[in-house]
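What follows is one structure encoded as structure tokens, with my remarks underneath.
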Amino acid sequence: MKRKLIFLSLALLFLFVTACSKSSEKSKNDDGTDEAFETVGVNEYGWDVPKETLKISYYAGFGDQAESDELAKPMEQFYKEKFNVEFEKIVYSVDMNERLNLMLGTGNYPEVITFMSDDMAEKFIQQGRAVELTDLIDKYAPNIKEQLGDYLNLMRNDDGKIYKLPVMWGENPNVAGWDFAVRYDWWKELGEPIYRTPEEYYQTLKKIMERHPVNEEGQKVYALSDNTQGSALYGAMLSAYGFKNGYKVDEKSGEFTHWINTPEGLEIAKYINRFYREGMLDPDFLNNKFEDWQAKVMNGRVIGNIGTWWHTWVAGQEAWAQQEGDAYNIEKRYINVTVKAPGVEQATDVASNFIGNYRVIITDKAKHPDRIMRWFNWEVSPIGTMITGYGVPGPDNVWDIVDGKWIFKDSALEYNKKNENFHAVREANGAQAYWMVTKSGWIRDERLDPRVTRVSVYDMWPINEEGDFLDEGVNLSWQYVDGKAWDSTLYTVTFKADNPISNTNQTIQDTLLSEWAKIITSASEKEAEANFLAARDKLNSLGLHDLERYVADSYKANLAKFNQ
Amino acid sequence: MQGSAAKIGYDYEPKPVSKGARKLRRLRREKELWIIAAIALAWVLVFAYAPMYGIIYSFFEYYPGMTLAESKFVGLKHYKDFFSLPDVWLIIRNTLVISTLGLTIGFVSPIILALLINEIRVRWFKRTIQTISYLPHFVSWIVVASIIFTLLGSEGFVNDVLLKLGWIERPLTILGEGSYFWALLTSANIWKGVGWSSIIYISAIAGVDQELYQAGAVDGLGRFGMAWHITLPGIRPTVLLLFILGIGSLLNAGFEQQLLLGTPKTREYHEVIDTYVYRYGIQMGRYSFATAVGFMSSVLGLFLVLLTNRISKKLTDMSII
Amino acid sequence: MHQTYIKNSLGGRIFDFFNITFMLVFAFVMLYPFWNQLVVSFNEGIDTARGGLYFWPRKFTLDNYLYMFNNSNLGRGAIISVLRVVVGTATTLFCSGLLAYVTTVRWFSGRRFLRIVFLITLYFGGGLVPTFLLYSKLGLLDTFTVYWLPGLFNAYYMLLIASYMYNLPDSLAESARIDGCGELSIYLRIIAPLCAPVFAAVAVFSAVGHWNSWFDVILYNSSGKWDTLQVYLRKILLDVEQISKLQNEQKQMAEMRNLTPLSVRAATTMIVTIPIIFTYPFFQRYFISGITIGAVKE
């Protein structure tokens, strides 16, 4: 007995001591200007080359270190030779948030952390691990101020100080967001009846389904399927009704109403439910993972899609092109169409969030934050963005700098060989190997090759002189897309962990998903309506009105910050 | 022969001695054992008990990187928060049902399998079946889920057969019915785990003294009699041990399976404590909350283990400690 | 086995018939998912995406395996894996078994205490961050030692082995003790050999555990120097989960395009599992054959 007591007390003492001493040292850094930063002159790419090699280490998120180093070799060499800059890009094969927790716990992290969620950035800032950037930006990063404009204000905390910057920001690089897709070849058979409202879409799908009840192997064909557990169905529908992030916004009163509390919500529910009841919706739509859905699409069993535009793109035409090779018929594809409910001014299918969801911070481990800021300044310049996104300019790569103009290689413009000639080649030349703060939005510059449009670090779309896409297939797919983006930046809401509203938000999201599933699988329209109203009551009792107010307040706060 | 509570000491030393001297003598005799024990204790102190200070953080608003002094003390707030989450009783119900199914059907199946395998007379067949039986253990849940969908989906094998036989007119949405979920999950768990779990029982069966069977044969026991009167009692310590330990996991009803097999329509039935805490604790960055719930489950688990152990000691005179 | 002692009655024969039928159906049900993965691993990726593969590959290819073997570090990973399995299993078996033995010596006054101390560790832990910090302080990060040292005395295995040791008669150890044998040698020379079946089972669990573990490798040995085979293969599988977490649509689309096909993931499963299937019979013979304890008469 005595032995046990001794052991127990020792253990408790041990626990107590270890708990109390668990702290990670915070480092001091010198955040003033560094007079000793000498440069030897601006190089051909606009970078003021330092005398002493500038070394920056940064954590970039998820990845395999060996693979990442391998892919970065061309850029490594390029930056060393022409810029006298060396990067140590650190990646781990662990979930980034978990790793960041450990970094905080051990006090062991590099000078810069990028591609982190806003939430994690806030945690680092709260613990004083992030360097204040306000003065640094003023002194060394005029490009950032210029490019971000008023959006930079959204990065300020309550004291007006800036501790984080966005990464993967910018004006929307997509053409389409939510959409109402349809199989082009089947739709052509009907004489290309263009549809502009949800009701017309339904009619079109119905007609096509009558003509194509089964595919070549005798399997049933469905008008719609899904791989998002039903959420894409209401997401896209809401965009057709002009809802913003699922809320109806009354601009005058500033009131946000969640869609479940609106009459349009009921319309949407009945609309989708009709697909289900008439057997036009794949009965397994709630079970499909992306790969299951992709299999159905590839086998020609899905006529249309109410959801995200690139899903049908990747699972449809890209997969068929790859599979059928030279025998591929360009008309076997999906077209994306913007659909608007009657009476709606503008559909909100393409959302453009200027500041994106990811952040970059300079940590207190940085020895010379000012030098890092200088680098940031260069990275956000148009030429910097091009080099970050496309790799080393040169004859081997997809682009080169010819007479001061940024020209793309002809082979890279061949759409049907895009993967080989464009994506693969630029990857081999270090594209996106090092990326700390660059935007993923559209690059606009007079030096850009006039033969392409919508150029971003992710993609570029070749066009002809009339401004149409060079590739016929792309033209076919996008001829009916409005492509008008709405600025969703100020509508982003942050949910902090210690705020009880985050719980409410999560609960409502979860409950909404299961209620929605119940609603749209109802056996009759009456039942669907009843389920909808029941869901409305349930969600309101869970605190939906509080959430609506919180979202409205967030918007107002963002607006105030933006207009500072 | 079992680990009874009585201490069997050496009793060929009738001289009365003082308590202290007796203790000293015992220590000397047990010296070697104590040396080994000390090493083990030192190891467990460092590797198992030292990190347990993490539990303290569940009483604070703690976040990794902060010191204890910097974190606000909140006492039982996180524990209370758990019970004030909406649907909390629903998820506790689901957790208990799923674990109970696992502790009953799921517990007995490997034993039965082991006994059946044991009855196979042809050696190569026995070894082959045994090897095949554990293969599902190595197939990831993602693949299992996709196979289940292929089987039970509206166009799946089962529906196909039923439609052809004319037993149903429209395909059954087995995967969409919440009430089927528990049966589905338990079946999937058994499918995946029965072979692997039976390994320990097969090895336990191998440890039953062969002479007992000889004696049984002499007494006129048939095959079933052998299994019932000799094999089963022979593996009783292992069975009891695994059962008692299993009870401690009553609040861990799986995680990956629910995420993969569950759909929005089955949420009422598939949401369990672990999935809930993952979304409301870990994903939202609420470290202390997640720690608190984990601690609660552990306390309850250990309590159940000790309780069941005591019952077992009373009923069968066997205890795991 | 005990069957040799009795003649088979009619009832027994009927039972055998049903048992074998059951076993065949059972074997099919157990084998099918694994077989399906094997089939998928030998099928062309883009063809697999169309679904509908059941018993035989439709477009046979070795590409999926070649894709893996292209990685030159695979060999090194395999060696480290094997090393980890051997060292890890041997040490755990020895130490946990020894601990189990100590707790079954009936007159040992500390045995209950030991068992409770270890039992508690089965249910309580500190969590990821405190453990990580501990290993960091102990200098275990980026070493081979982290693979086996934290697993030396495994409470679960200890309890399993101890439950088995209960069935051994006390006289075995007692007579050795009277002869002057030390506890350690009693364990090694007398008790352990008699526990062959349970040791074999625990060895299987431990070996498979070590062979399959990847999370601790990625977490504690993040530099990649001590990567095991599983880690190389796991990194391929982790793609899928990461993509679903992405919040940037463009990035998601780009990653989705490059997603490792189902067929490569299936090949991964095969490469990891097949070695286990081939080494399993080695352990199997210990618990299929059975032992006779009675040989040591009281």
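The values are calculated or read from the model by the stated rules, or taken from the named source; none is laboratory data. Predicted model, so just to flag it, every value in this text is computed and none were measured. Glycine gets a Cβ as well: all are built from the backbone with ideal geometry, and neighbour counts include every protein chain shown.
The table that follows gives values for the structure above.
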quantity: Scope region C:152-184; condition among the aromatic types (Phe, Trp, Tyr) and modelled with pLDDT under 90; matching residues; calculated: C:Tyr164, C:Tyr166
quantity: Given (1) at pLDDT 85 or above; (2) within 10 Å of chain B (Cβ to nearest Cβ); (3) surrounded by fewer than 20 Cβ atoms within 10 Å (Cβ to Cβ), index of the condition C:Thr292 fails; calculated: (1)
quantity: Breaking point among (1) free of Cβ contacts under 8 Å to residues at least 40 places away in the same chain; (2) in contact with a helix residue (DSSP H, G or I) (Cβ under 9 Å, 6 or more places away or on another chain), for C:Met68; calculated: (1)
quantity: Any hit, region C:92-101, residues being of a type in the set (Val, Ile, Thr), touching a residue at least 12 places away in the same chain (Cβ under 8 Å) and closer than 27 Å to C:Pro261 by Cβ; calculated: no
quantity: Residue count, region C:11-63 (criterion: at the interface with another protein chain (Cβ under 7 Å from one of its Cβ atoms) and touching a residue at least 40 places away in the same chain (Cβ under 8 Å)); calculated: 4
quantity: Flag for B:Thr316 being buried (at least 22 other Cβ atoms within 10 Å of the Cβ), more than 18 Å from the chain's Cα centre (by Cα) and modelled with pLDDT under 90; calculated: no
quantity: Residue match in region B:218-225 (condition: closer than 21 Å to C:Met165 by Cβ and among the charged types (D, E, K, R)); calculated: no
quantity: Count - residues of region A:403-426 that are of a type in the set (A, V, I, L, M) and closer than 17 Å to A:Ile443 by Cβ; calculated: 3
quantity: Test result for C:Thr104, closer than 30 Å to B:Leu306 by Cα and either more than 9 Å from every other protein chain (Cβ to nearest Cβ) or among the basic types (Lys, Arg) (or both); calculated: no
quantity: Of residues in region A:325-336 being part of a loop (DSSP other than H, G, I, E, B) and touching a Gly at 6+ places or on another chain (Cβ under 9 Å), the one farthest from C:Ile46 (Cα to Cα); calculated: A:Glu331
quantity: Counted residues, region B:171-189 - those being over 14 Å from B:Gly156 (Cβ atoms) and among the aliphatic types (A, V, I, L, M); calculated: 3
quantity: Among residues of region B:109-130, those that are over 22 Å from the mean Cα position of the chain (by Cα), part of a helix (DSSP H, G or I) and either β-branched (Val, Ile, Thr) or more than 9 Å from every other protein chain (Cβ to nearest Cβ) (or both), counted; calculated: 4
quantity: Filter result for C:Leu98 (crowded, with 18+ Cβ neighbours inside 10 Å, assigned to a helix (DSSP H, G or I) and of a type in the set (A, V, I, L, M)); calculated: yes
quantity: Segments classed as helices (runs of 4 or more DSSP H), wholly inside region A:470-564, with at least 3 members that are of a type in the set (A, V, I, L, M, F, W, C) and surrounded by fewer than 19 Cβ atoms within 10 Å (Cβ to Cβ); calculated: A:525-541, A:544-562
quantity: Sole residue being under 22 Å from the mean Cα position of the chain (by Cα) and over 24 Å from B:Phe303 (Cβ atoms), chosen from C:Phe144, C:Phe108, C:Phe132, C:Phe118; calculated: C:Phe144
quantity: From B:Leu261, B:Leu241, residue being at the interface with another protein chain (Cβ under 8 Å from one of its Cβ atoms), touching a residue at least 60 places away in the same chain (Cβ under 8 Å) and among the aliphatic types (A, V, I, L, M); calculated: B:Leu241
quantity: Cross-chain or 6+ apart pairs with Cβ under 8 Å, region A:552-564 first and without any contact (Cβ under 8 Å) to a residue 12 or more places away in the chain, then surrounded by 12 or more Cβ atoms within 10 Å (Cβ to Cβ); calculated: none
quantity: So B:Trp182, is it among the aromatic types (Phe, Trp, Tyr), under 16 Å from B:Glu268 (Cα atoms) and either assigned by TED's automatic domain parsing to the domain that holds B:Leu152 or under 23 Å from the mean Cα position of the chain (by Cα) (or both); calculated: yes
quantity: Criterion (more than 24 Å from the chain's Cα centre (by Cα), closer than 30 Å to A:Pro263 by Cα and within 14 Å of chain C (Cβ to nearest Cβ)) met by exactly one of A:Asp349, A:Asp282; calculated: A:Asp282
quantity: Test: A:Ala269 is assigned to a helix (DSSP H, G or I) and either surrounded by 24 or more Cβ atoms within 10 Å (Cβ to Cβ) or among the polar types (S, T, N, Q) (or both); calculated: yes
quantity: Any hit, region B:254-266, residues being basic (Lys, Arg) and surrounded by fewer than 23 Cβ atoms within 10 Å (Cβ to Cβ); calculated: no
quantity: Only one of B:Ser197, B:Ser187, B:Ser154, B:Ser179 that is free of Cβ contacts under 8 Å to residues at least 40 places away in the same chain, in a helix (DSSP H, G or I) and small (Gly, Ala, Ser); calculated: B:Ser187
quantity: Listing of helices (runs of 4 or more DSSP H) fully contained in region A:163-261 that carry 1 or more residues being touching a residue at least 12 places away in the same chain (Cβ under 8 Å) and surrounded by fewer than 16 Cβ atoms within 10 Å (Cβ to Cβ); calculated: A:184-189, A:198-211
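Residue by residue, here is whether (1) more than 10 Å from chain A (Cβ to nearest Cβ); (2) over 19 Å from C:Pro33 (Cα atoms); (3) touching a strand residue (DSSP E or B) at 6+ places or on another chain (Cβ under 9 Å) holds:
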site: B:His137; (1), (2), (3): yes, no, no
site: B:Ile147; (1), (2), (3): yes, no, no
site: B:Glu155; (1), (2), (3): no, no, yes
site: B:Asp160; (1), (2), (3): yes, yes, no
site: B:Leu163; (1), (2), (3): yes, yes, no
site: B:Pro171; (1), (2), (3): no, yes, no
site: B:Glu177; (1), (2), (3): yes, yes, no
site: B:Phe181; (1), (2), (3): yes, yes, no
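Here is a yes/no grid of residues against (1) out of contact with any helix residue (DSSP H, G or I) (no Cβ under 8 Å at 6 or more places or on another chain); (2) under 28 Å from A:Glu529 (Cβ atoms):
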| residue | (1), (2) |
| --- | --- |
| A:Trp169 | no, no |
| A:Trp178 | no, yes |
| A:Asn215 | yes, no |
| A:Tyr234 | no, yes |
| A:Met237 | no, yes |
| A:Gly242 | yes, yes |
| A:Phe256 | no, yes |
